[in-house]
Amino acid sequence: MAAAEGMIAQPNELLSKTEPVDELLTATTQNEEQDSYCDDEPVLEININNVVCSFNTRCHLNLRRIALEGSNVEFKKENGMCNMKIRSPKVTASIWSSGKITCTGATSEEDSKIAGRRVARRLQQLGFNVRFTNFRVVNVLGTCSLPFGIKITLFSRRYTQQASYEPELHPGVTYRIKEPKATLKIFSTGSITVTAPSVYNVQCAIEHIYPLVSEFKAEGEVDRKTLLAEKKYLQNQGLANPNKIQRSVAVNEEEEAMDSDEDESFDSDASHD
């Protein structure tokens, strides 16, 4: 009987061992569904173009002495400040006699802090009693290019409280987010520029605006006048132009050149007749 009981218990043990396998199978199917869902979601590339930071040295700085003894320094007497440039990371530091310093040009918060400490070290080597204090990131500028155009006129009419659109003054829509704090410039070509206090706010702003603008996808091409206005604005802001704008302008210019050639050939045929 003991042996029989033992033999009867074996199938039950096998059944108990197969239960976790079923759980694993259901878990893998759920993971596959989640992976397929994640694959359907768009992947947007956010480029950080500029990070502005500031800190204080807690000592008086002699700007004339820094300009004479320092390297890569430009003294601007009319503005009461000095500009010091660093190669790695590529940053320009604005130095005031009060000890306040701002660094612009970094592409990440870590690089901006490294650049600030290197500026402080250079001033310390010149004989100033420098202390690296009150460091904070003041402003972050990021850009993102969407894979579709946007009907910015309809978008601004839908969100009148957050968005403002003045085509005579600015080629894009200005959209402001209170939480997290950020200001977005939305263009009809799908390019977006974000100004925020941190990189995290830039990312949150893009995630917030994408489902809103996806409802206003533009099917047709943008006219050449609008493309040139957006390109000029981005150049004035010191941003690298998105490839989409460059390609669209080039295509429109080629089409205009082809149309002009066809007109000339038509006129020449008419003259021969």
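So here's what we get for this one:
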{"quantity": "Dipole magnitude of region 138-206 about its Cα centre (Cβ charges: Lys, Arg +1; Asp, Glu -1), debye to nearest 20", "calculated": "160"}
{"quantity": "Charged-residue dipole, Cβ positions (Lys, Arg, Asp, Glu), region 38-161 about Cα centre, Debye nearest 20", "calculated": "820"}
{"quantity": "When each of Lys113/Lys178; Lys90/Lys151; Lys77/Lys232; Lys76/Lys181; Lys90/Lys185; Lys113/Lys151 is checked by Cα-Cα distance, pairs over 29 Å", "calculated": "Lys90/Lys151; Lys77/Lys232; Lys76/Lys181; Lys113/Lys151"}
{"quantity": "Region 80-147, accessible surface, carbon-and-sulfur percent (1.4 angstrom probe)", "calculated": "44"}
{"quantity": "Efficiency of FRET between Cys59 and Arg158 - r from beta-carbon atoms, R0 30 angstrom, step 0.05", "calculated": "0.05"}
{"quantity": "Under 13 Å from the Ile46 label point (7 Å along Cα→beta-carbon), backbone N, region 177-199", "calculated": "180-184, 192-199"}
{"quantity": "Accessible solvent surface per residue of region 51-173, calculated while the other protein chains remain in place, 1.4 angstrom probe, Å²", "calculated": "57"}
{"quantity": "By average C-beta atoms within 10 angstrom, highest first, the peptides 150-159, 191-200", "calculated": "191-200, 150-159"}
{"quantity": "Spin-label pair Ser88/Leu228, simplified geometry with 7 Å Cα→Cβ offset, distance in nm", "calculated": "4.3"}
{"quantity": "Other-chain or far-sequence residues with amide H under 5 Å of Asn62's (modelled H)", "calculated": "none"}
{"quantity": "Charge dipole (region 89-238, unit charges on Cβ, about Cα centre) - positive-most of Ala93, Thr189, Gly142", "calculated": "Ala93"}
{"quantity": "Built amide H within the under 5 Å cut-off of Leu146, gap 5+", "calculated": "Ser191, Ile192"}
{"quantity": "Per-residue ³J(HN,Hα) for region 91-98, Karplus 6.51 cos²θ - 1.76 cosθ + 1.60, θ = phi - 60°, Hz, x for Gly and Pro", "calculated": "9, 10, 9, 9, 10, 10, 5, 6"}
{"quantity": "Under-5 Å amide H pairs with Tyr159, H placed in peptide plane, nonlocal only", "calculated": "none"}
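The values are calculated or read from the model by the stated rules, or taken from the named source; none is laboratory data. Remember, predicted model here, so these are calculated numbers, not experimental data. Backbone-built Cβ (ideal geometry, glycine too); neighbour counts: all protein chains shown. Side chains included, ligands, DNA and RNA excluded: accessible areas come from the protein's heavy atoms. Shrake-Rupley method; radii C 1.70, N 1.55, O 1.52, S 1.80 Å.
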